[in-house]
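Below you'll find the structure, written out as structure tokens, and then a few comments.
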Amino acid sequence: MIEKDSAEVDRLAKLKASRMKELVFKKRSELEEICRLTHIEPDPSIVAEKASALIDSGLVDPFELLAKIEEQIIKAKNEVLSRKEVTDRIDKWFAACEEENWLDKYNQDDNRYSVGQCNHINLKRAEHARITIGKIPAIVDNLINKTLAWEDEKKTYFLYDRASFEVL
């Protein structure tokens, strides 16, 4: 009976470890998604493979690992809020650059003035794109000012997809 109970305890311990791994991977995925959406790098100290090995070896309590990931998620969410103003400006700049590329292609199209179903839509978009392109210098200046203010406040470089703003 003791052997049977011991086997059951071992089975339940393995089940608990397996469930904890699933939970750790789920939270790690949540952290990575938050970081991906905000263009920041997650803390590499808890990569999925390393976490699995640590849990399997018994060197780390899964609850501690889970708490550490939760802490990183909270930090990442706070970072999202502090970076929002700058990332919004970056998105606006990228959108303006996309409009500029579209307008260049549109201007090279020899059939742009032909009568067609969507021609009036393209003309309106071209007009809007010209206005947006005219605002690019102001968008860039505003972006630089916001980035420098953020860097001064945080005393660190603003990184976007592992690159500093100067590279962008």
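Here are the numbers:
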read-out: Any chance V140 is within 23 Å of E30 (Cβ to Cβ) and among the aliphatic types (A, V, I, L, M); value: no
read-out: Some residue of the stretch 79-98 being farther than 30 Å from E30 by Cβ, out of contact with any Cys (no Cβ under 8 Å at 6 or more places or on another chain) and part of a helix (DSSP H, G or I); value: yes
read-out: In the stretch 63-109, the residues that are under 21 Å from K146 (Cβ atoms) and basic (K, R); value: K77, R83, K84, R89, K92
read-out: Whichever residue in the stretch 58-77 is part of a helix (DSSP H, G or I) and without any contact (Cβ under 8 Å) to a residue 24 or more places away in the chain and, among such residues, is surrounded by the most Cβ atoms within 10 Å (Cβ to Cβ); value: K68
read-out: Pairs with Cβ under 7 Å, 6+ apart, first in the stretch 121-136 and modelled with pLDDT under 95, second exposed (fewer than 15 other Cβ atoms within 10 Å of the Cβ) and not in a helix (DSSP H, G or I); value: N122/R112
read-out: Selection status of I40, free of Cβ contacts under 8 Å to residues at least 40 places away in the same chain, under 29 Å from T147 (Cβ atoms) and of a type outside the set (D, E); value: no
read-out: Any hit, the stretch 155-165, residues being part of a helix (DSSP H, G or I) and surrounded by 12 or more Cβ atoms within 10 Å (Cβ to Cβ); value: no
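The values are calculated or read from the model by the stated rules, or taken from the named source; none is laboratory data. None of these values were measured; they are calculated from a predicted model. Neighbour counts run over all protein chains shown; Cβ positions are idealised from the backbone, glycine included.
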